[in-house]
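K.L.:
Pasting a structure here, questions to come.
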Amino acid sequence: MTLVFVTGGARSGKSAFAERRAADSGLPVTYLATAQAFDDEMAARIARHRGDRPAAWATVEEPLAVPGALAAISTPAVLLDCLSLWVSNLMLADWPDEAVLAAADALLATAQVRGGLTVLVTNEVGFGIVPDNVLARRYRDLLGWVNQRAAAASDEAWLLVSGRPLRLP
């Protein structure tokens with residue numbers, strides 16, 4: 001089992017890096033997508049991501065029940081993109097912080113017991129200014145805690161900056 005954590009800012013290259021990491025494994029891959037299309041622009045992004053993936057990859061789209069979806073996947077490699085949208089989805093569904101963190105722990109426990117390769121993609125949202133509203137600060141903090149847990153549980157952790165991968169200790 002190998003658990004790989006990939007983080008970075010918007011347009012940092014993290015998804016492309018994660019896709020290469022999964023493809024380079026040589027294993028059959030399932031792409032576990034958490035995005036929801038609430039508007040036309042997001043629908044276009046999702047369509048572009050679908051088109052960018054290899055045709056041989058299976059796709060599972062699950063915005064909320066991600067630990068269960070991961071547990072049900074039988075391919076030896078899984079690319080989960082992304083934790084940041086998943087946390088946002090849970091917050092929009094009125095999950096309390098404790099429940100989000102418990103779900104993250106369940107996801108990581110599932111990832112650690114499955115065989116093969118699991119690649120987790122997320123956004124790094126803590127490098128910017130302190131948000132000016134409660135909801136945005138809650139999201140930044142909650143995702144930061146989820147990311148810390150995911151990085152600590154992983155065998156590899158990568159930070160993407162301007163398309164350049166930096167392996168984290």
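K.L.:
Would you mind telling me the share, in percent, of accessible area of the chain contributed by carbon and sulfur at probe 1.4 angstrom?
P.N.:
Carbon and sulfur: 57 percent of the exposed surface of the chain.
K.L.:
Where the centre of each part is set by its Cα atoms, how far does segment 86-141 sit from segment 1-80, in angstrom?
P.N.:
Answer, in whole Å: 16.
K.L.:
Could you point to the label whose value was computed as mean projected area of the Cα convex hull in nm² for the structure here, given (i) 9.5; (ii) 12.9; (iii) 10.9?
P.N.:
Identified label for the calculated read-out: (i).
K.L.:
Taking 25 Å as R0, compute the FRET efficiency from the Cβ-Cβ separation of ARG11 and ALA55 and round it to 0.05.
P.N.:
The computed FRET efficiency comes out at 0.50.
K.L.:
Full extension from ALA23 to GLN148: what is 0.36 nm times the residue separation minus their Cα-Cα distance, to one decimal in nm?
P.N.:
So the chain would gain 42.5 nm between ALA23 and GLN148.
K.L.:
Full-extension gain between PHE127 and ALA106, please, as 0.36 nm times their residue separation minus the C-alpha to C-alpha distance.
P.N.:
4.9 nm
K.L.:
Just name one of ALA152, ALA104, LEU70: the one whose Cα is farthest towards the positive end of the charge dipole of the chain (beta-carbon charges, Lys/Arg +1, Asp/Glu -1).
P.N.:
Ranked along the dipole, the leading option is ALA152.
K.L.:
Taking the Cα centre as origin and putting +1 on Lys and Arg beta-carbons and -1 on Asp and Glu beta-carbons, what dipole magnitude results for segment 31-169, to the nearest 20 debye?
P.N.:
Computed about the Cα centre, the dipole is about 400 debye.
K.L.:
State, to one decimal in nm, how far the label point of LEU64 lies from the label point of ALA44, with both points 7 Å from Cα in the Cβ direction.
P.N.:
Roughly 2.9 nm, to one decimal.
K.L.:
Further question: Starting from the Cα-Cα distance between ALA136 and ALA99, subtract it from 0.36 nm times their residue separation and give me the gain in nm to one decimal.
P.N.:
That works out to 11.5 nm of additional length.
K.L.:
In debye to the nearest 20, how big a dipole does segment 1-90 give about its Cα centre with +1 on each Lys and Arg Cβ and -1 on each Asp and Glu Cβ?
P.N.:
Once rounded to the nearest 20, the dipole reads 260 debye.
K.L.:
While we're on this one: In the neighborhood of LEU32, defined by Cβ-to-Cβ distances under 11 Å, what is the net charge if each Lys or Arg adds +1 and each Asp or Glu adds -1?
P.N.:
On the way: positive: none; negative: GLU61, GLU62, ASP81.
Overall, the nearby charge balance is -3.
The values are calculated or read from the model by the stated rules, or taken from the named source; none is laboratory data. What you are looking at is a predicted structure, and each value in this text was computed from that prediction instead of being measured. Backbone-built Cβ (ideal geometry, glycine too); neighbour counts: all protein chains shown. To get the accessible areas, we keep the full protein, side chains included, count just its heavy atoms, and leave off ligands, DNA and RNA. Shrake-Rupley method; radii C 1.70, N 1.55, O 1.52, S 1.80 Å.
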